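Rule-based calculations on the coordinates, nothing more; no lab input. Source: prediction; values computed, not measured. Glycine also receives a Cβ, built like all others from the backbone with ideal geometry; neighbour counts cover every protein chain displayed.
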Amino acid sequence: MADVGNNAALADERVERALAFCQGNRQCEETVRKREQAAMEKRQQREEADKALKETDPRGYYLALAGRYLAAAAFIALAAGLYVLVMHRMFGKRRRRRESQPDDRHR
């Protein structure tokens, strides 16, 4: 029961922070409330589905959880890889080509 009350308090706080961004615009406030309500419902559905899966098939639950963590890690690795690639392309040192003729100083 305390967990439900804590989740409700966190949701209210999240909505209030988002509403502060709207600065009194009614259309923005309505949109924010709808979006937060939909997100809260989706979160509750996922929690209920996770709880049901954990009760019926604990291995399946932990496999699904591991899949989520692996997907998150893959996303982070992809973002880091793209960042490195872009920075290398933008600021990487240009490779110097060898001159086609040998240097006369060494003769």
I need the calculated FRET efficiency for the pair residue 51 and residue 10, taking r as the beta carbon distance and R₀ as 22 Å, to the nearest 0.05. 0.75
Taking Cα centroids, how far is the stretch 32-47 from the stretch 49-65 in Å? 21 Å
Which one of 44, 18, 28 has its Cα pushed farthest toward the positive end of the charge dipole of the stretch 12-54, where Lys and Arg give +1 and Asp and Glu give -1 at the Cβ? 44
Compute, for the stretch 21-79, the length of the dipole vector about the Cα centre, with Cβ point charges of +1 (Lys, Arg) and -1 (Asp, Glu) only. Units Debye, rounded to 20. 120 debye
